[in-house]
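Note sheet for the following structure.
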Amino acid sequence: MAEIAVTAPLPGDALARLDGGHQVRVRASGPALGGRDMVEFVGAADALICLLADRVAAEVFALCPRLKVVANYAVGVNNVDLEAARTSGVWVTNTPDVLTDATADLAWALILAVARRVGEGDGLVRSGGFTGWKPDLLLGTSLQGKTLGIVGMGRIGAAVARRAVGFGMRIAYHGRAPRAVAGVEAEFVPDLDALLARADVLSLHCPLTPQTRRLIDERRLRLLPRGAIVVNTSRGEVVDEEALVRVLESGVLGGAGLDVYEREPEVHHGLLGRMDVVLLPHLGSGTREARAVMAELVVDNVLAVLAGKPPLTPAVKPLVPRS
Ligand code: DGY
């Protein structure tokens, strides 16, 4: 009988599928796990199901010799030491595809909220400050004809681009290589700085890696056209948050829409009081539908590995899988 450790309850009924034939330990919701606490929690488990805020460091692979699979309940796997997993013989899986539309929708919710000042308008009405229609009340920015600059044209970046067609935006993108997206005319810009210089709306969709950590720093933020909007639904560490605050304070940007933060769940105090930013609590994949299918996929991946098969959505294939 295999042992499966789960760091938090997941939405839907998917975890129940693990019960037959396996011993399942589900931790009650609580602060994210990491360090020695994670090692202790995994213990003698054969499989770990964890959340994106949990940290799975190299010591987990070294000190938990029965562990065969880490199934991350997220598409991003920056919280797992992937190289240690690979060399230790442990599969790492993620949840691609099933959250693409939900996350692209949320990126667009942020783009529209910042461009059309949705948060400010909501606040004005609730505070009783709406005294009647005025020609110049809370004027926003039109998106039609403007350029959407996408960094990372993977699944989510492509879904954001598809939605931009309906808004009449020009689309340019930067990534490792050009990629054709059906129904979308998008220009590949090999030089990130050149993309930034044209992006009226910048939307970030790259994974967090050593190469993308603080990719969007102060110098790059200052390349954006005056009035540009920065939207981040990828990982907070891709943007130098302190620099973003400084550049927003200098008044050259139109605003920012953020779903993720450099020191999540902490949010830079310089962002909290600003009316030109919209701040969400990492809701990218947060629809009932997406989160339920993510749970099913996580369970399928664990069951596959425990049955001696490759998982459905591997993020890391081990050098020599543990048996
Ligand atoms: C992920 O799955 O990596 C997303 O950030 C969740 O919203």
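Things to note:
- Solvent-free Debye scattering, log10 I(q)/I(0), computed from the Cα coordinates of the stretch 100-279 at q = 0.17, 0.19 Å⁻¹: -1.05, -1.30
- For the stretch 124-151 and the stretch 24-55, distance of Cα centres in Å: 44 Å
- Listed residues Ala177, Ala107, Ala295, most fluctuating in the chain (Gaussian network, C-alpha, under 10 Å): Ala177
- Cross-link reach is defined here as a Cα-Cα straight distance under 17 Å, omitting same-chain residues fewer than 8 places apart; for Lys68 the aspartates and glutamates meeting it are Glu3, Glu40, Asp46, Glu59, Asp81, Glu83, Asp300.
- Neighbours of Gly286 by Cβ distance under 14 Å: Lys/Arg scored +1, Asp/Glu scored -1, total -2.
- Measuring nothing but protein heavy atoms, the accessible surface of the chain at 1.4 Å probe radius is 55 percent carbon and sulfur.
- Protein heavy-atom accessible surface, 1.4 Å probe, per residue over the chain: 46 Å².
- Prolate/oblate/rounded call for the stretch 20-76, Cα gyration tensor, a/c under 1.5 rounded: rounded
- Directionally averaged shadow of the chain, computed from the convex hull of its alpha-carbon atoms, nm²: 17.9 nm²
- Total formal charge among the other residues, if their Cβ is under 10 angstrom from that of Glu237, Lys/Arg +1 and Asp/Glu -1: 0
- For the chain, modelled as a GNM whose springs connect Cα atoms under 10 angstrom apart, the maximal fluctuation among Leu204, Leu223, Leu139 occurs at Leu139.
- Relative to the current alpha-carbon distance between Asp37 and Lys134, full extension at 0.36 nm per residue lengthens the span by 29.2 nm.
- Among the trypsin sites (Lys or Arg not before Pro) found in the stretch 30-138, those both in a DSSP coil and sparsely packed, with 14 or fewer other Cβ atoms within 10 Å of their Cβ, are Arg66.
- For the stretch 38-113, the list of GluC sites (Glu not before Pro) that fall in a loop by DSSP and count at most 10 other C-beta atoms within 10 angstrom is empty.
- Mean separation of Cα pairs under 8 Å and 6 or more residues apart, divided by the residue count, gives the chain a relative contact order of 21 percent.
- Per-residue ³J(HN,Hα) for the stretch 43-52, Karplus 6.51 cos²θ - 1.76 cosθ + 1.60, θ = phi - 60°, Hz, x for Gly and Pro: x, 9, 5, 8, 9, 10, 10, 9, 9, 5
- Rounded to the nearest 0.05, the FRET efficiency derived from the C-beta distance between Val125 and Arg322 at R0 = 35 Å is 0.05.
- Each other residue within a Cβ distance under 12 Å of Val60 adds +1 if Lys or Arg and -1 if Asp or Glu, for a net charge of -2.
- Among Phe130, Phe167, Phe41, Phe188, the sequence by solvent-accessible area, most first, with a 1.4 Å probe is Phe130, Phe167, Phe188, Phe41.
The values are calculated or read from the model by the stated rules, or taken from the named source; none is laboratory data. Keep in mind that what you see is a predicted model, and the values were worked out from it rather than measured. Neighbour counts are summed over all protein chains in view; Cβ atoms, including those assigned to glycine, are modelled from backbone coordinates with ideal geometry. The area values use the complete protein model at the heavy-atom level, side chains included, leaving out ligands, DNA and RNA. Shrake-Rupley method; radii C 1.70, N 1.55, O 1.52, S 1.80 Å.
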